[in-house]
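Below: one structure, written as structure tokens.
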Amino acid sequence: MTTFRSLIAIAAKKRWQIYQLDVNNAFLHGDLHEEVYMKAPPGLDLKLPNLVCKQNKSLYRLKQASRQWYDKFTEAMYTRGYTYSMHNYSVFYKKQDSSTVFVAVYVDDVLLTGTNLEEISQLKAFLHDRFKIKDLGQLHYFLGLEVLYKEDGIIISQRKFILDLMKEYDCLHSTSLASPLNPTMKLKAKEASPLSDPTFYRRLVGKLNFLTNIILDIAYGVQYLSQFMQDPREPHLHAAYHMLRYLKKDPTLGMYFRNTSDLSITAYCDSDWTACPDSRRSVSGYIVLLGGSPVSWKSKKQETMSLSSAEAEYRALRKVLGELVWLHRLFEELTVPVSLPIPIHYDSQSALHIARKSCIP
């Protein structure tokens, strides 16, 4: 999702048109390189019992289906002169002189954008001839994300998904709350009684996790609730409903990509020392902005225990630095000039001194 957000942000700033395609029966296009047999489907009249069918093509729910579809799509893109990105294999590009076209694929959903509208039109015709596609026109709805175009930029939200979530969990008539979590509450793994149906909690947190693709201010809360998926308890479910009531405050809350020419990259990071009362591990968090628009963020518990707040801050700094190295390379492929060094903002002088010492040969 970071790649898709980055591509949309760049297209907004460079004022490129973004188009969407849908591939009909994508997995059925894949070729099989192994012998695969299946039980006869219901209704097929076989003269002998216990006969099986040999598959000539890939089929949905087959383990190889996604890989074979990707191979087929990659082969088709190669014949058109496209190359896949070395930093995200779901992105293809074709650069010739001043012409640049990018293709991003997620299973059977395809985004097209770039400077050469003629090449984009020819690519649509080529893909339709090879795979039978639906041309959905300008990008408006993609992977549950609603795209709205304005004169000064692009707004992406998940309004429909949030309203459906409110309806599913009967929160439409609940009062809204001002914060994603109760700041005075510390949840523990083994407190109170277990839920009779833990899948109910897991399904809810999974859907909240999907919302973090656009609503970045719930990222910390969702990773907090995700810690209790193994054995959810009553207080954990109440905290999840608290977050639902926060989302109800403004279901249209989304992300805004300005169409200004500013392509500077800025990063912020921080940590919450010993945030987990059970493991005493800290939580790292960071956000990366492209021209003032957020494209990448994460909130995650650190793998090991930090013995001091300075150590926790340094680990958070290391995480955002790794993300920036990857984004720097990705942006260069996406024709974004990156000026080095990239500024990272954080509030620990101790971590700064550790970082300086680690850079001394």
Handout entry: Members of the range 96-124 that are without any contact (Cβ under 8 Å) to a residue 24 or more places away in the chain, in a strand (DSSP E or B) and in contact with a Ser or Thr (Cβ under 8 Å, 6 or more places away or on another chain)
Key = S99, V101
Exercise for the section: Scan Y37, Y106, Y78, Y60 and give me the residue that is of a type in the set (F, W, Y), more than 28 Å from I155 (Cα to Cα) and modelled with pLDDT of 90 or more. Expected result: Y78
Completion exercise
When every residue in the range 1-43 that is assigned to a strand (DSSP E or B) and out of contact with any Cys (no Cβ under 8 Å at 6 or more places or on another chain) is compared, the one most open to solvent (accessible area, probe 1.4 Å) is Q17
Practice task
State whether one or more residues within the range 176-183 are free of Cβ contacts under 8 Å to residues at least 24 places away in the same chain and part of a helix (DSSP H, G or I).
Solution key: no
Problem - Count - residues of the range 299-352 that are assigned to a loop (DSSP other than H, G, I, E, B), closer than 27 Å to Y89 by Cα and of a type in the set (A, V, I, L, M) - result: 5
Exercise for the section: Return yes or no: is S279 at pLDDT below 95, assigned to a strand (DSSP E or B) and open to solvent by less than 40 Å² (accessible area, probe 1.4 Å)? Expected result: no
Handout entry: Hits in the range 137-163 (condition: among the β-branched types (V, I, T) and either open to solvent by less than 20 Å² (accessible area, probe 1.4 Å) or part of a loop (DSSP other than H, G, I, E, B) (or both))
Key = V147, I154, I156, I162
Handout entry: Any hit, the range 84-91, residues being surrounded by 11 or more Cβ atoms within 10 Å (Cβ to Cβ), under 19 Å from Q138 (Cα atoms) and touching a strand residue (DSSP E or B) at 6+ places or on another chain (Cβ under 7 Å)
Key = yes
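Right, N88: part of a loop (DSSP other than H, G, I, E, B) and without any contact (Cβ under 8 Å) to a residue 12 or more places away in the chain or not? Talk me through it step by step, then tell me what you get.
Working: part of a loop (DSSP other than H, G, I, E, B): yes; without any contact (Cβ under 8 Å) to a residue 12 or more places away in the chain: no.
Answer is no for this residue.
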Problem - Neighbours by Cβ (under 6 Å, 6+ apart or cross-chain): first from the range 18-42, among the hydroxyl-bearing types (S, T, Y); second buried (at least 20 other Cβ atoms within 10 Å of the Cβ) and modelled with pLDDT of 85 or more - result: Y19/L112
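Given the residues K95, K134, K72, which is the only one that is under 25 Å from the mean Cα position of the chain (by Cα) and open to solvent by 70 Å² or more (accessible area, probe 1.4 Å)? Explain how you work it out, then say what you get.
Values: K95 fails: under 25 Å from the mean Cα position of the chain (by Cα); K72 fails: open to solvent by 70 Å² or more (accessible area, probe 1.4 Å).
Result: K134 is the single residue among K95, K134, K72 that is under 25 Å from the mean Cα position of the chain (by Cα) and open to solvent by 70 Å² or more (accessible area, probe 1.4 Å).
Every residue in the range 199-208 that is open to solvent by 30 Å² or more (accessible area, probe 1.4 Å) and either over 22 Å from P277 (Cα atoms) or touching a strand residue (DSSP E or B) at 6+ places or on another chain (Cβ under 9 Å) (or both), please.
At the first step, the residues of the range 199-208 found to be open to solvent by 30 Å² or more (accessible area, probe 1.4 Å) are 199-200, 202-203, 206-207.
T199, F200, R203, G206, K207 - these are the residues of the range 199-208 that are open to solvent by 30 Å² or more (accessible area, probe 1.4 Å) and either over 22 Å from P277 (Cα atoms) or touching a strand residue (DSSP E or B) at 6+ places or on another chain (Cβ under 9 Å) (or both).
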Handout entry: Matching residues in the range 164-175 - criterion: being surrounded by fewer than 13 Cβ atoms within 10 Å (Cβ to Cβ), in a loop (DSSP other than H, G, I, E, B) and not acidic (D, E)
Key = L172, H173, T175
Practice task
Looking only at the range 264-274, decide whether some residue is touching a residue at least 12 places away in the same chain (Cβ under 8 Å), open to solvent by 10 Å² or more (accessible area, probe 1.4 Å) and more than 30 Å from L330 (Cα to Cα).
Solution key: yes
Handout entry: Count of residues meeting criterion [in a loop (DSSP other than H, G, I, E, B), more than 24 Å from the chain's Cα centre (by Cα) and loosely packed, with under 14 Cβ neighbours inside 10 Å] in the range 49-66
Key = 4
Exercise for the section: Pull up the range 283-307, narrow it to residues that are surrounded by fewer than 20 Cβ atoms within 10 Å (Cβ to Cβ) and free of Cβ contacts under 8 Å to residues at least 40 places away in the same chain, then point me to the one that is nearest to the chain's Cα centre (by Cα). Expected result: L289
Practice task
State yes or no: is S306 out of contact with any Leu (no Cβ under 7 Å at 6 or more places or on another chain) and at pLDDT below 90?
Solution key: yes
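The values are calculated or read from the model by the stated rules, or taken from the named source; none is laboratory data. Here the structure is a predicted model, which is why all the values come from computation and not from measurement. Cβ coordinates were reconstructed from backbone atoms using ideal geometry, including for glycine residues, and neighbour counts include every protein chain displayed. All accessible areas refer to the heavy atoms of the entire protein, side chains included, with ligands and DNA or RNA removed. Shrake-Rupley method; radii C 1.70, N 1.55, O 1.52, S 1.80 Å.
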